[in-house]
Amino acid sequence: MRNNIDLNKVCPVIKGRLSSSSNNAMPVIISYRSDKKIKEGQISSLSNKFKHSLPIINGCACEMSTESILKLTADPDVEFISYDSKVFAVMDEARKTIGADHSLNTKYTGKGVTVAIIDTGIAPHTDLIYPSNRIIGFKDFVNNRTKFYDDNGHGTHCAGILAGSGYSSKGKYKGIAPEADILSIKVLDENGNGNTSDILSTVQWIIENKEVYKTKIINFSLGAIAQYKERRDPLVKAANRAIEKDLIVVAAVGNSGPMHSTILSPATSRYVISVGSLNDRGRSYYKNETIAEFSSRGPTLDRIRKPDLIAPGVDIMSLSNKNLSGYTTLSGTSMSAPMISGAAALLLNENPNYSHFDIKRILLNSCQKIKASSYEQGAGVLDMRRIFS
(Lines give C-alpha, C1' and ligand atoms only; values in the text may rest on other atoms or scores of the structure.)
Protein backbone atom coordinates (compact mmCIF):
# COMPACT_ATOMS: atom_id res chain seq x y z
CA MET A 1 0.00 0.00 0.00
CA ARG A 2 2.78 2.44 0.90
CA ASN A 3 4.31 2.02 -2.56
CA ASN A 4 1.19 3.72 -3.99
CA ILE A 5 1.31 6.75 -1.69
CA ASP A 6 0.55 9.96 -3.59
CA LEU A 7 1.60 13.09 -1.70
CA ASN A 8 0.16 15.28 -4.48
CA LYS A 9 -3.22 14.43 -2.99
CA VAL A 10 -2.55 16.21 0.32
CA CYS A 11 -2.45 19.93 1.09
CA PRO A 12 0.75 21.70 2.26
CA VAL A 13 -0.34 21.77 5.92
CA ILE A 14 -0.83 18.01 6.02
CA LYS A 15 2.35 17.43 4.02
CA GLY A 16 4.29 19.39 6.64
CA ARG A 17 2.85 17.26 9.43
CA LEU A 18 3.58 14.04 7.55
CA SER A 19 7.26 14.91 7.63
CA SER A 20 7.26 14.81 11.44
CA SER A 21 7.54 11.63 13.45
CA SER A 22 4.20 12.23 15.18
CA ASN A 23 1.23 10.04 14.31
CA ASN A 24 -1.29 12.28 16.07
CA ALA A 25 -4.76 12.64 14.58
CA MET A 26 -5.64 15.85 12.76
CA PRO A 27 -8.92 17.24 11.36
CA VAL A 28 -9.15 16.67 7.60
CA ILE A 29 -11.58 17.04 4.70
CA ILE A 30 -11.54 14.24 2.15
CA SER A 31 -12.82 14.85 -1.38
CA TYR A 32 -13.62 11.99 -3.73
CA ARG A 33 -13.61 12.23 -7.51
CA SER A 34 -16.93 13.54 -8.83
CA ASP A 35 -17.80 10.22 -10.51
CA LYS A 36 -17.05 8.11 -7.42
CA LYS A 37 -19.02 7.36 -4.28
CA ILE A 38 -17.94 8.43 -0.79
CA LYS A 39 -16.60 5.37 1.03
CA GLU A 40 -17.85 6.08 4.52
CA GLY A 41 -17.07 2.53 5.67
CA GLN A 42 -13.45 2.90 4.63
CA ILE A 43 -13.20 6.34 6.27
CA SER A 44 -14.74 5.08 9.51
CA SER A 45 -12.21 2.23 9.69
CA LEU A 46 -9.28 4.62 9.17
CA SER A 47 -10.43 7.65 11.17
CA ASN A 48 -10.38 8.41 14.89
CA LYS A 49 -13.62 10.42 14.65
CA PHE A 50 -16.10 10.82 11.79
CA LYS A 51 -17.47 14.38 11.82
CA HIS A 52 -19.58 15.20 8.75
CA SER A 53 -20.74 13.66 5.52
CA LEU A 54 -20.26 16.44 2.92
CA PRO A 55 -22.08 15.56 -0.30
CA ILE A 56 -21.71 19.22 -1.37
CA ILE A 57 -18.06 18.43 -2.23
CA ASN A 58 -18.57 14.67 -2.62
CA GLY A 59 -16.59 14.05 0.53
CA CYS A 60 -16.53 14.03 4.30
CA ALA A 61 -14.79 15.48 7.35
CA CYS A 62 -13.09 13.46 10.07
CA GLU A 63 -10.03 13.19 12.29
CA MET A 64 -7.30 10.93 10.96
CA SER A 65 -3.75 9.92 11.89
CA THR A 66 -0.86 10.63 9.54
CA GLU A 67 -0.47 6.91 8.91
CA SER A 68 -4.12 6.58 7.86
CA ILE A 69 -3.85 9.65 5.62
CA LEU A 70 -0.90 8.06 3.82
CA LYS A 71 -2.91 4.86 3.31
CA LEU A 72 -5.86 6.82 1.94
CA THR A 73 -3.78 8.63 -0.69
CA ALA A 74 -3.28 5.28 -2.39
CA ASP A 75 -7.02 5.03 -3.16
CA PRO A 76 -7.49 6.14 -6.80
CA ASP A 77 -11.04 7.33 -6.00
CA VAL A 78 -9.74 9.91 -3.51
CA GLU A 79 -9.13 13.26 -5.21
CA PHE A 80 -7.67 15.40 -2.42
CA ILE A 81 -7.20 15.52 1.36
CA SER A 82 -7.10 18.99 2.91
CA TYR A 83 -6.59 20.18 6.44
CA ASP A 84 -9.85 21.31 8.10
CA SER A 85 -8.67 24.92 8.35
CA LYS A 86 -9.93 27.59 10.70
CA VAL A 87 -12.40 30.07 9.24
CA PHE A 88 -12.78 33.52 10.78
CA ALA A 89 -14.91 36.63 10.61
CA VAL A 90 -13.33 39.41 8.50
CA MET A 91 -14.45 42.77 9.98
CA ASP A 92 -24.79 57.08 7.16
CA GLU A 93 -21.81 58.19 4.91
CA ALA A 94 -21.33 54.80 3.37
CA ARG A 95 -24.86 54.84 1.91
CA LYS A 96 -24.04 58.05 0.03
CA THR A 97 -20.75 56.68 -1.26
CA ILE A 98 -22.37 53.79 -3.10
CA GLY A 99 -25.44 55.82 -4.12
CA ALA A 100 -27.79 53.77 -1.93
CA ASP A 101 -29.81 56.83 -0.96
CA HIS A 102 -30.93 56.95 -4.58
CA SER A 103 -32.73 53.62 -4.10
CA LEU A 104 -34.96 55.27 -1.49
CA ASN A 105 -36.66 57.03 -4.39
CA THR A 106 -37.53 53.70 -5.97
CA LYS A 107 -40.02 51.02 -4.96
CA TYR A 108 -37.22 48.54 -4.22
CA THR A 109 -36.53 47.66 -0.56
CA GLY A 110 -35.52 43.99 -0.69
CA LYS A 111 -39.00 42.96 0.45
CA GLY A 112 -39.65 39.26 -0.08
CA VAL A 113 -35.97 38.45 -0.64
CA THR A 114 -34.28 36.17 1.92
CA VAL A 115 -30.55 36.53 2.52
CA ALA A 116 -28.65 33.83 4.43
CA ILE A 117 -25.98 35.41 6.62
CA ILE A 118 -23.34 32.84 7.60
CA ASP A 119 -21.69 34.37 10.64
CA THR A 120 -21.72 34.60 14.46
CA GLY A 121 -25.53 34.67 14.64
CA ILE A 122 -27.86 37.65 14.91
CA ALA A 123 -29.22 39.39 18.01
CA PRO A 124 -32.89 40.53 18.15
CA HIS A 125 -32.12 44.20 17.48
CA THR A 126 -35.12 46.48 17.05
CA ASP A 127 -34.01 47.37 13.50
CA LEU A 128 -34.47 43.73 12.51
CA ILE A 129 -37.63 42.86 14.44
CA TYR A 130 -39.58 46.16 14.20
CA PRO A 131 -41.91 47.13 12.67
CA SER A 132 -41.97 43.40 11.83
CA ASN A 133 -39.63 40.51 12.63
CA ARG A 134 -37.59 39.79 9.50
CA ILE A 135 -35.29 37.17 11.05
CA ILE A 136 -37.34 34.38 9.53
CA GLY A 137 -35.03 31.48 10.38
CA PHE A 138 -32.11 30.54 12.59
CA LYS A 139 -29.74 27.56 12.59
CA ASP A 140 -27.02 27.18 15.21
CA PHE A 141 -24.10 24.95 14.18
CA VAL A 142 -22.06 25.97 17.24
CA ASN A 143 -24.22 25.51 20.34
CA ASN A 144 -27.39 23.99 18.81
CA ARG A 145 -29.68 26.60 20.34
CA THR A 146 -33.07 27.28 18.78
CA LYS A 147 -33.58 30.95 19.69
CA PHE A 148 -31.50 33.40 17.66
CA TYR A 149 -28.63 35.22 19.40
CA ASP A 150 -25.17 36.62 18.70
CA ASP A 151 -22.45 36.26 21.37
CA ASN A 152 -19.87 38.10 19.25
CA GLY A 153 -21.62 40.96 17.47
CA HIS A 154 -20.14 40.54 14.00
CA GLY A 155 -23.19 38.89 12.44
CA THR A 156 -25.61 41.44 13.90
CA HIS A 157 -23.50 44.30 12.55
CA CYS A 158 -23.46 42.74 9.07
CA ALA A 159 -27.22 42.13 9.18
CA GLY A 160 -27.82 45.79 9.98
CA ILE A 161 -25.72 46.99 7.05
CA LEU A 162 -27.63 44.69 4.75
CA ALA A 163 -31.17 44.91 6.06
CA GLY A 164 -31.55 47.21 9.08
CA SER A 165 -34.85 49.14 9.04
CA GLY A 166 -33.37 52.20 10.76
CA TYR A 167 -36.20 51.98 13.30
CA SER A 168 -34.08 53.02 16.32
CA SER A 169 -32.26 55.84 14.51
CA LYS A 170 -35.33 57.26 12.78
CA GLY A 171 -33.90 56.15 9.45
CA LYS A 172 -30.36 57.50 9.87
CA TYR A 173 -28.69 54.08 9.94
CA LYS A 174 -31.01 52.27 7.57
CA GLY A 175 -29.54 49.27 5.74
CA ILE A 176 -29.20 48.89 1.98
CA ALA A 177 -32.26 46.60 1.67
CA PRO A 178 -34.34 47.63 4.72
CA GLU A 179 -37.19 45.17 4.14
CA ALA A 180 -35.20 42.08 3.19
CA ASP A 181 -35.66 38.91 5.25
CA ILE A 182 -32.74 37.30 7.08
CA LEU A 183 -31.88 33.64 7.55
CA SER A 184 -29.33 33.63 10.35
CA ILE A 185 -26.78 30.82 10.35
CA LYS A 186 -24.48 30.72 13.37
CA VAL A 187 -21.32 28.85 12.43
CA LEU A 188 -18.70 31.07 14.09
CA ASP A 189 -18.21 31.05 17.87
CA GLU A 190 -18.07 33.91 20.36
CA ASN A 191 -14.55 34.70 19.18
CA GLY A 192 -15.55 34.76 15.51
CA ASN A 193 -13.85 31.45 14.69
CA GLY A 194 -15.06 28.24 13.06
CA ASN A 195 -13.94 25.31 10.91
CA THR A 196 -14.08 24.82 7.17
CA SER A 197 -16.05 21.59 7.51
CA ASP A 198 -18.77 23.39 9.48
CA ILE A 199 -19.06 26.03 6.75
CA LEU A 200 -19.43 23.25 4.18
CA SER A 201 -22.24 21.70 6.26
CA THR A 202 -23.84 25.13 6.52
CA VAL A 203 -23.90 25.74 2.76
CA GLN A 204 -25.21 22.23 2.24
CA TRP A 205 -28.02 22.93 4.75
CA ILE A 206 -28.90 26.24 3.06
CA ILE A 207 -29.21 24.51 -0.31
CA GLU A 208 -31.31 21.68 1.15
CA ASN A 209 -33.67 24.20 2.83
CA LYS A 210 -33.66 26.79 0.07
CA GLU A 211 -37.36 26.44 -0.68
CA VAL A 212 -38.37 26.46 3.00
CA TYR A 213 -36.99 29.97 3.55
CA LYS A 214 -37.12 31.16 -0.09
CA THR A 215 -33.41 31.91 0.18
CA LYS A 216 -31.93 33.84 -2.74
CA ILE A 217 -28.57 35.20 -1.50
CA ILE A 218 -25.72 33.93 0.69
CA ASN A 219 -23.47 36.49 2.41
CA PHE A 220 -20.02 35.30 3.50
CA SER A 221 -18.42 37.93 5.74
CA LEU A 222 -15.85 35.29 6.66
CA GLY A 223 -13.08 33.35 5.03
CA ALA A 224 -10.10 31.04 5.33
CA ILE A 225 -6.55 31.47 4.11
CA ALA A 226 -6.46 30.24 0.52
CA GLN A 227 -3.95 27.39 0.44
CA TYR A 228 -4.77 25.79 -2.89
CA LYS A 229 -6.18 26.54 -6.31
CA GLU A 230 -9.91 26.66 -6.98
CA ARG A 231 -10.38 23.10 -8.18
CA ARG A 232 -9.11 21.70 -4.86
CA ASP A 233 -10.45 24.31 -2.43
CA PRO A 234 -13.41 22.90 -0.42
CA LEU A 235 -14.92 26.32 0.37
CA VAL A 236 -14.74 27.38 -3.26
CA LYS A 237 -16.37 24.11 -4.31
CA ALA A 238 -19.21 24.72 -1.85
CA ALA A 239 -19.73 28.33 -2.94
CA ASN A 240 -19.72 27.33 -6.60
CA ARG A 241 -22.21 24.56 -5.85
CA ALA A 242 -24.54 27.12 -4.23
CA ILE A 243 -24.34 29.23 -7.40
CA GLU A 244 -25.20 26.14 -9.48
CA LYS A 245 -28.27 25.77 -7.26
CA ASP A 246 -29.47 29.28 -8.25
CA LEU A 247 -28.22 31.15 -5.20
CA ILE A 248 -26.38 34.47 -5.41
CA VAL A 249 -23.11 34.29 -3.47
CA VAL A 250 -21.26 37.34 -2.11
CA ALA A 251 -18.02 37.07 -0.12
CA ALA A 252 -15.64 39.44 1.65
CA VAL A 253 -12.06 39.22 0.35
CA GLY A 254 -10.49 39.51 3.81
CA ASN A 255 -8.45 41.94 5.86
CA SER A 256 -4.93 40.79 4.99
CA GLY A 257 -3.84 43.85 2.97
CA PRO A 258 -1.91 45.74 1.85
CA MET A 259 0.08 42.72 0.64
CA HIS A 260 -0.96 41.30 -2.72
CA SER A 261 -2.21 37.73 -3.26
CA THR A 262 -4.03 37.73 0.09
CA ILE A 263 -7.64 37.07 -1.01
CA LEU A 264 -9.40 34.66 1.34
CA SER A 265 -11.41 31.62 0.28
CA PRO A 266 -14.22 31.42 -0.91
CA ALA A 267 -13.77 34.94 -2.37
CA THR A 268 -11.03 33.39 -4.52
CA SER A 269 -13.70 31.68 -6.64
CA ARG A 270 -13.83 33.18 -10.12
CA TYR A 271 -17.64 33.01 -9.93
CA VAL A 272 -18.34 34.41 -6.45
CA ILE A 273 -18.99 38.17 -6.16
CA SER A 274 -15.89 39.14 -4.15
CA VAL A 275 -15.89 42.43 -2.26
CA GLY A 276 -13.02 44.61 -1.05
CA SER A 277 -13.11 47.77 1.08
CA LEU A 278 -12.96 51.46 0.25
CA ASN A 279 -11.85 54.07 2.77
CA ASP A 280 -14.26 56.98 2.30
CA ARG A 281 -13.85 58.50 5.75
CA GLY A 282 -13.60 62.30 5.71
CA ARG A 283 -13.13 62.40 1.97
CA SER A 284 -15.10 64.23 -0.67
CA TYR A 285 -17.27 62.08 -2.90
CA TYR A 286 -15.22 59.97 -5.32
CA LYS A 287 -12.21 62.29 -4.88
CA ASN A 288 -9.04 61.18 -3.18
CA GLU A 289 -10.75 58.02 -1.95
CA THR A 290 -8.41 55.14 -1.27
CA ILE A 291 -8.46 51.40 -0.85
CA ALA A 292 -8.65 50.54 2.85
CA GLU A 293 -5.16 49.47 3.88
CA PHE A 294 -6.47 46.25 5.43
CA SER A 295 -8.44 45.19 2.31
CA SER A 296 -6.97 42.02 0.78
CA ARG A 297 -5.54 42.29 -2.70
CA GLY A 298 -5.36 39.96 -5.67
CA PRO A 299 -4.51 38.12 -7.72
CA THR A 300 -5.55 34.65 -6.55
CA LEU A 301 -3.41 31.52 -6.81
CA ASP A 302 -5.12 30.95 -10.16
CA ARG A 303 -4.01 34.47 -11.23
CA ILE A 304 -7.62 35.73 -11.27
CA ARG A 305 -8.21 39.43 -10.76
CA LYS A 306 -9.86 39.97 -7.39
CA PRO A 307 -11.69 41.68 -5.75
CA ASP A 308 -14.55 42.05 -8.22
CA LEU A 309 -15.60 45.42 -6.77
CA ILE A 310 -15.34 47.51 -3.60
CA ALA A 311 -17.66 49.26 -1.14
CA PRO A 312 -17.05 51.31 2.04
CA GLY A 313 -15.58 49.32 4.93
CA VAL A 314 -14.02 51.80 7.38
CA ASP A 315 -15.83 52.88 10.57
CA ILE A 316 -19.22 51.63 9.41
CA MET A 317 -22.04 52.36 11.85
CA SER A 318 -24.47 49.48 12.29
CA LEU A 319 -26.32 47.39 14.87
CA SER A 320 -25.00 46.47 18.31
CA ASN A 321 -25.59 42.99 19.74
CA LYS A 322 -25.38 44.36 23.32
CA ASN A 323 -27.60 47.42 23.18
CA LEU A 324 -30.51 46.06 21.16
CA SER A 325 -31.62 49.52 20.07
CA GLY A 326 -28.10 50.94 19.77
CA TYR A 327 -25.35 51.16 17.19
CA THR A 328 -21.61 50.67 16.99
CA THR A 329 -18.84 51.02 14.40
CA LEU A 330 -16.70 48.28 12.89
CA SER A 331 -14.26 48.21 10.00
CA GLY A 332 -13.41 45.43 7.57
CA THR A 333 -14.33 43.86 4.28
CA SER A 334 -17.00 42.10 6.34
CA MET A 335 -18.80 45.43 6.38
CA SER A 336 -18.42 45.91 2.63
CA ALA A 337 -19.86 42.52 1.59
CA PRO A 338 -23.38 43.02 3.04
CA MET A 339 -23.66 46.33 1.17
CA ILE A 340 -23.27 44.38 -2.05
CA SER A 341 -25.63 41.63 -0.83
CA GLY A 342 -28.17 44.37 -0.07
CA ALA A 343 -27.79 45.79 -3.58
CA ALA A 344 -28.35 42.26 -4.96
CA ALA A 345 -31.59 42.02 -2.94
CA LEU A 346 -32.82 45.29 -4.48
CA LEU A 347 -32.01 43.98 -7.96
CA LEU A 348 -34.09 40.87 -7.25
CA ASN A 349 -37.01 43.18 -6.47
CA GLU A 350 -36.54 44.64 -9.92
CA ASN A 351 -36.41 41.20 -11.53
CA PRO A 352 -36.86 38.04 -9.40
CA ASN A 353 -35.53 35.94 -12.27
CA TYR A 354 -32.04 37.45 -12.25
CA SER A 355 -29.38 34.74 -11.88
CA HIS A 356 -26.15 35.06 -9.94
CA PHE A 357 -24.35 35.93 -13.16
CA ASP A 358 -26.96 38.52 -14.14
CA ILE A 359 -26.53 40.22 -10.76
CA LYS A 360 -22.73 40.09 -10.96
CA ARG A 361 -22.71 41.59 -14.46
CA ILE A 362 -25.06 44.44 -13.49
CA LEU A 363 -23.08 45.26 -10.34
CA LEU A 364 -19.72 45.30 -12.10
CA ASN A 365 -21.11 47.44 -14.91
CA SER A 366 -22.37 49.93 -12.30
CA CYS A 367 -19.01 50.72 -10.72
CA GLN A 368 -16.79 53.77 -10.87
CA LYS A 369 -13.00 53.49 -10.80
CA ILE A 370 -10.77 55.28 -8.31
CA LYS A 371 -7.00 55.72 -8.43
CA ALA A 372 -5.97 52.17 -7.59
CA SER A 373 -4.90 49.03 -9.41
CA SER A 374 -7.39 46.43 -10.64
CA TYR A 375 -5.99 43.98 -8.05
CA GLU A 376 -7.12 46.41 -5.35
CA GLN A 377 -10.49 47.62 -6.62
CA GLY A 378 -11.63 45.27 -9.41
CA ALA A 379 -14.31 47.10 -11.38
CA GLY A 380 -14.28 49.94 -8.82
CA VAL A 381 -16.75 51.38 -6.28
CA LEU A 382 -20.39 50.35 -6.68
CA ASP A 383 -22.57 53.30 -7.72
CA MET A 384 -26.22 52.27 -7.31
CA ARG A 385 -27.36 55.41 -9.09
CA ARG A 386 -26.16 53.72 -12.27
CA ILE A 387 -28.45 50.76 -11.56
CA PHE A 388 -31.60 52.58 -10.53
CA SER A 389 -31.37 55.69 -12.71
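Residues in segment 238-258: is at least one under 16 Å from SER31 (Cβ atoms), surrounded by fewer than 24 Cβ atoms within 10 Å (Cβ to Cβ) and assigned by TED's automatic domain parsing to the domain that holds LEU348?
Here is the first cut: in segment 238-258, the ones under 16 Å from SER31 (Cβ atoms) are 238-241.
Filter again for surrounded by fewer than 24 Cβ atoms within 10 Å (Cβ to Cβ), leaving 240-241.
Okay, now just the ones that are also assigned by TED's automatic domain parsing to the domain that holds LEU348, so 240-241.
Scanning segment 238-258, I find at least one residue that is under 16 Å from SER31 (Cβ atoms), surrounded by fewer than 24 Cβ atoms within 10 Å (Cβ to Cβ) and assigned by TED's automatic domain parsing to the domain that holds LEU348, so the answer is yes.
Looking at segment 101-117, can you tell me whether even one residue there is farther than 26 Å from PHE388 by Cα, in contact with a helix residue (DSSP H, G or I) (Cβ under 9 Å, 6 or more places away or on another chain) and not aliphatic (A, V, I, L, M)? Reasoning before the result, please.
Within segment 101-117, the first condition is being farther than 26 Å from PHE388 by Cα, and the residues that meet it are none.
No, there is no match, as no residue in segment 101-117 is farther than 26 Å from PHE388 by Cα, in contact with a helix residue (DSSP H, G or I) (Cβ under 9 Å, 6 or more places away or on another chain) and not aliphatic (A, V, I, L, M).
Could you please let me know if ARG281 is part of a loop (DSSP other than H, G, I, E, B) and in contact with a His (Cβ under 6 Å, 6 or more places away or on another chain)? So that I can check it myself, show each step before the final result.
Numbers: part of a loop (DSSP other than H, G, I, E, B): yes; in contact with a His (Cβ under 6 Å, 6 or more places away or on another chain): no.
Answer is no for this residue.
Against the definition (out of contact with any strand residue (DSSP E or B) (no Cβ under 6 Å at 6 or more places or on another chain), crowded, with 16+ Cβ neighbours inside 10 Å and either modelled with pLDDT of 90 or more or part of a helix (DSSP H, G or I) (or both)), how does ILE56 come out, yes or no? Don't jump to the end; show me each part of the working.
On the way: out of contact with any strand residue (DSSP E or B) (no Cβ under 6 Å at 6 or more places or on another chain): yes; crowded, with 16+ Cβ neighbours inside 10 Å: yes; either modelled with pLDDT of 90 or more or part of a helix (DSSP H, G or I) (or both): yes.
Yes.
Among the residues of segment 130-153, is any part of a helix (DSSP H, G or I) and either of a type in the set (Val, Ile, Thr) or in the same structural domain as TYR354 (by TED's automatic domain parsing) (or both)? I'd like the intermediate steps shown before the answer.
At the first step, the residues of segment 130-153 found to be part of a helix (DSSP H, G or I) are none.
No: segment 130-153 contains no residue that is part of a helix (DSSP H, G or I) and either of a type in the set (Val, Ile, Thr) or in the same structural domain as TYR354 (by TED's automatic domain parsing) (or both).
Right, ASP315: surrounded by 20 or more Cβ atoms within 10 Å (Cβ to Cβ) and among the acidic types (Asp, Glu) or not?
On the way: surrounded by 20 or more Cβ atoms within 10 Å (Cβ to Cβ): no; among the acidic types (Asp, Glu): yes.
For ASP315, the condition - surrounded by 20 or more Cβ atoms within 10 Å (Cβ to Cβ) and among the acidic types (Asp, Glu) - is not met.
Against the condition outside the structural domain of PRO27 (by TED's automatic domain parsing), at pLDDT below 95, of a type in the set (A, V, I, L, M) and within 18 Å of ALA116 (Cβ to Cβ), how does LEU200 come out, does it pass?
Working: outside the structural domain of PRO27 (by TED's automatic domain parsing): yes; at pLDDT below 95: no; of a type in the set (A, V, I, L, M): yes; within 18 Å of ALA116 (Cβ to Cβ): yes.
Here the answer is no, as LEU200 does not meet what is asked.
The values are calculated or read from the model by the stated rules, or taken from the named source; none is laboratory data. The structure presented is a predicted model; accordingly, all values stated were derived computationally and were not measured. When we count neighbours, we look across all protein chains shown, and the Cβ atoms used for this are built from the backbone with ideal geometry, even at glycine.
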